[in-house]
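Okay, so here's the structure we're looking at.
The values are calculated or read from the model by the stated rules, or taken from the named source; none is laboratory data. Keep in mind it's a predicted model, so treat the numbers as computed, not measured. All Cβ positions, glycine included, derive from the backbone under ideal geometry; neighbour counts span all protein chains shown. For accessibility, only protein heavy atoms count, side chains too; no ligands or nucleic acids. Shrake-Rupley method; radii C 1.70, N 1.55, O 1.52, S 1.80 Å.
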Amino acid sequence: MDKFLIHGPTRLEGSVANSTAKNAVLPILAACLLAEEPCVIHEVPLLEDVNTMARLLRSMGVKVTLRRRTMEIVAGGDIEHTADYDIVRKMRASYYVLGPLLARFGDARVSLPGGCAIGPRPVDLHLKGIAALGAEVKLEHGYIHATGRPLRGGTMLLEGASGPSVGATANTMMAASLAGGETVIEAAACEPEVIDLAGFLIAMGAKIEGQGTPVIKIKGVKRLHGAEYRPIPDRIEAGTLAVAAAITRGNLEITNCEPEHLTAVIDRLRQAGATVETGKRRLIVSAGKRPEPVTIATAPYPGFPTDLQAQFTALLAIGRGASVVTENVFEARFMHVLELNRMGAKIDINGRTAVIQGVEQLSGAQVMASDLRASAALVLAGLAARGDTEVQRIYHLDRGYESLELKLGGVGAKIERVSY
Ligand code: UD1
């Protein structure tokens, strides 16, 4: 296992390149199952989750090759229709193969994912989506077994207790691309990653309208062909780097990012007193003082992303007053708070709400990462804290951030990866 050793406080300064969005690439790789012909995906981020998706596709007989950052996926020949427990339990996004396998082969067996550190994550809306396309869905031996061919278009409302679902919207959109007739998804997720998946499916020959709005319409086609695509930049990584600039009272240029996808995040950074300039595919973030208190409530896009809640909680922990952060998407997503408190933060949790009494400075400590974004929050806290911080279990972080220590080290952080 690896851990990070961070010596703080440091002030970050310089230019850092953001990677391609993990959450766009994962469904796009699964969508390659919809065609027999080769698909080529450019600028793939070199991440553990991307490796896991490649491993899953290979385990089903798909040819996956990676040259530099270009991945070629060929789902011709004999394809297994099963996603095994061993892979699905490591990465929930394995679920994305359900829609494509079902639509192309009329048969998909996908292990039910297990628990998750950020709270219950049901798959009922994924199943509702494919059932509305005429699939028969059974639970057998811990696996979802979905069958039905041909699928037929249908109208459905994919809204759960916390609002729309990115994953269920994406899965249903992929399956509906090869269903007969028209599908209407109501209460669809509006996230940029859903728009990007629609863009890739359209490049494969799908007929989709309304992506990026709550009503997506898909006219099924008989077959989809191979396509070449470059997915969007990672808005969550860009937001994390922006917080790195603010928490260290530094000045960072973040290249290869899409400021249009970060409206809510830029708004809260400015409320916290940071200066944010936007340009074509870049952001410049600087701060000279402790952050001002801010109220944040996570929400589906275009609201404030749950995937940046932990990082902003770390920032507001050194704020000049009391901030309130409410988590509306994943109820138990506060594992980072106890670790931040061990670094001297004063944060109380009450149900879905964290009340943060800003302290002047955090102090370095040994802390343990519990999930991907919580790990990022601890790294950010370590950059700002006085003394040495040791962040253990960074395999969570490696799932979604490519060489974060090199990126941060390149702009002045004292951070080192150590195997133990
Ligand atoms: C995706 C992102 C994740 C992000 C999340 C919300 C990927 C690989 N992951 O996850 O980083 O935090 O969107 O922006 O893109 N829900 C149900 N039933 C379902 C599915 C979801 O009730 O069948 C609930 C969830 O428990 C949650 C809410 O809907 O409360 C939103 O989840 P969803 O948008 O589906 O998240 P993911 O697609 O899993």
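Shape call for the stretch 52-211 from the C-alpha gyration tensor, a ≥ b ≥ c root eigenvalues: rounded (a/c under 1.5), prolate (a/b greater than b/c) or oblate? Taking the square roots of the gyration eigenvalues as a ≥ b ≥ c, the stretch 52-211 is rounded. For the stretch 143-211, the relative contact order comes to 35 percent (Cα pairs under 8 Å, sequence separation of at least 6). Using Cα centres only, tell me the gap between the stretch 152-198 and the stretch 357-402 in whole Å. After rounding, the separation between the Cα centres reads 35 Å. Calculated translational diffusion coefficient of the stretch 112-185 (4 °C, 1.567 mPa s; Stokes-Einstein with Kirkwood radius over alpha-carbon pairs) equals 100 µm²/s.
Here's the picture: charge each Lys and Arg Cβ at +1 and each Asp and Glu Cβ at -1 in the chain, and of His141, Ile349, Gln366 the one pushed furthest to the positive end of that dipole is Gln366. Just check the stretch 270-362 against the gyration tensor rule for me: Cα atoms, a ≥ b ≥ c as the square roots of the eigenvalues, rounded for a/c under 1.5, and otherwise prolate or oblate depending on whether a/b exceeds b/c. Since a/c reaches 1.5 but b/c is at least a/b, the shape of the stretch 270-362 is classed as oblate. Normalised by the number of residues in the stretch 271-414, the mean separation of alpha-carbon contacts (under 8 Å, six or more apart) gives a relative contact order of 19 percent.
When the chain is treated as a Gaussian network with alpha carbon springs shorter than 10 Å, the biggest mean-square fluctuation among Pro45, Pro214, Pro113 belongs to Pro214.
The accessible-area ordering, largest first, of the residues Val215, Val418 stands as Val215, Val418, per a 1.4 angstrom probe.
Values of log10 I(q)/I(0) for the stretch 336-420 across q = 0.14, 0.17, 0.19, 0.22 Å⁻¹ run -0.48, -0.69, -0.85, -1.09, by the Debye formula with one identical scatterer at each alpha carbon and no solvent.
Going by the alpha-carbon gyration tensor, a ≥ b ≥ c the square roots of its eigenvalues, is the stretch 225-310 rounded (a/c under 1.5) or, if a/c is not under 1.5, prolate (a/b greater than b/c) versus oblate? Note, shape of the stretch 225-310 comes out oblate. Using a probe of 1.4 Å on the protein chains alone, the accessible area found for Tyr301 is around 50 Å².
Contact order normalised by length for the stretch 159-257, with contacts defined as Cα pairs under 8 Å and 6 or more residues apart; what percent is it? All intermediate terms of the calculation are to be shown ahead of the outcome.
Working: 139 pairs, mean separation 25.3, N = 99.
Over the stretch 159-257, the number comes to 26 percent.
In whole percents, the pair-distance distribution calculated for the stretch 53-118 from its alpha-carbon pairs, binned every 10 Å from zero, is 21, 50, 25, 5. In this view, the solvent-accessible surface of Lys63, computed with a 1.4 Å probe and all protein chains in place, comes to about 140 Å². With the whole protein complex present, Glu36 retains an accessible surface near 120 Å², based on a 1.4 Å probe. For Ala287, neighbours were defined as the other residues whose beta-carbon sits under 11 Å from its Cβ, and their charges (Lys and Arg +1, Asp and Glu -1) total +4.
Accessible area per residue of the chain at 1.4 Å probe, in Å²?
Details: 16160 Å² over 420 residues.
Normalised by residue count, the accessible surface of the chain is 38 Å².
Check cross-link reach from Lys219 to the aspartates and glutamates: straight Cα distance under 16 Å, and skip same-chain residues fewer than eight apart. Counting by Cα, and skipping residues close in sequence, Lys219 has these aspartates and glutamates nearby: Glu182, Glu186, Glu209. Computed extension gain for Thr275 through Val324, at 0.36 nm per residue and net of the alpha carbon distance, reaches 15.5 nm.
How much of the DSSP bridge set in the chain is antiparallel, in percent, rounded to the nearest 5?
Details: 60 of 81 bridges.
Counting only bridges with both partners in the chain, antiparallel ones make up about 75 percent.
Using just the Cα positions, wrap the chain in a convex hull and report its mean projected area in square nanometres, one decimal place.
About 18.0 nm², averaged over all directions.
Taking Cβ atoms as reference points and 11 Å as the exclusive limit, the residues near Val265 contribute a net charge of +1, counting Lys and Arg as +1 and Asp and Glu as -1.
How would Thr70, Thr295, Thr306 line up by accessible area, probe 1.4 Å, largest first?
Greatest to least solvent exposure: Thr295, Thr70, Thr306.
Think of each Lys and Arg Cβ as +1 and each Asp and Glu Cβ as -1; about the Cα centre, that makes the dipole of the chain roughly 280 debye. Taking the helices alone, the chain has a mean residue ellipticity at 222 nm of -8500 deg cm²/dmol, built from -39,500 (n - 2.57) per DSSP H run of at least 4 residues and averaged over all its residues. Computed over protein heavy atoms with a 1.4 angstrom probe, the accessible surface ordering of Lys219, Lys22, largest first, is Lys219, Lys22.
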